[in-house]
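The values are calculated or read from the model by the stated rules, or taken from the named source; none is laboratory data. Because the structure is a prediction, the values reported are computed rather than measured. Cβ atoms come from the backbone with ideal geometry, glycine included; neighbour counts cover every protein chain shown.
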Amino acid sequence: MTASRPSTAAEELRGAGLRVTAARVALLDTVRQGGHLGVDTVAAEVRRRIGHVSLQAVYEGLNALSAAGLVRRIAPAGGAALYEGRVGDNHHHLVCRSCGAVADVDCAVGEAPCLTASDGHGFEVDEAEVVYWGLCPGCSTSRSA
């Protein structure tokens, strides 16, 4: 019996039917190592890794990775899109109203009246996206001081 090894970014791209390029490998690795990253942060890290890449190529690459389910795009209301490497588990997010910090939250527990649509309008619902808004510990502490 052989031990399975983690797949590489190139293997994941191929498995998703995407062409393997240095930019896409760097994009996938950057998002997977980063948390909740904006496009400018992703672009800067990709440029640090491989040299020049246009912002348009970064947007196109992130869109392709998102469409393939390799990264997740979130867009908290009033903010720019963010990208994260945690995919496939329907987790939710906490967003600080003051500084914009974002944290992952596992699926909602307890009664969930807002997770089941009162009228599905014929849709086959397969996911619910929840964003909790409030103040992070740092902003909450500074506000009360």
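For the criterion of being exposed (fewer than 13 other Cβ atoms within 10 Å of the Cβ) and in contact with a Leu (Cβ under 8 Å, 6 or more places away or on another chain), A75 passes. Scanning region 42-51 for residues that are farther than 10 Å from Y83 by Cα and assigned to a helix (DSSP H, G or I) returns A43, A44, E45, V46, R47, R48, R49, I50. Residues in region 17-34 that are in a loop (DSSP other than H, G, I, E, B) and either exposed (fewer than 15 other Cβ atoms within 10 Å of the Cβ) or touching a Leu at 6+ places or on another chain (Cβ under 6 Å) (or both): G17, R19, V20. Within region 103-145, if we keep just the residues that are among the charged types (D, E, K, R) and surrounded by 10 or more Cβ atoms within 10 Å (Cβ to Cβ), the residue that is modelled with the lowest pLDDT turns out to be E129. When every residue of region 65-74 is checked against the conditions, at least one turns out to be outside any strand (DSSP E or B), without any contact (Cβ under 8 Å) to a residue 60 or more places away in the chain, touching a strand residue (DSSP E or B) at 6+ places or on another chain (Cβ under 6 Å) and aliphatic (A, V, I, L, M). Within region 117-144, the set of residues being of a type in the set (A, V, I, L, M) and either assigned by TED's automatic domain parsing to the domain that holds R73 or not in a loop (DSSP other than H, G, I, E, B) (or both) comprises just one member, V131.
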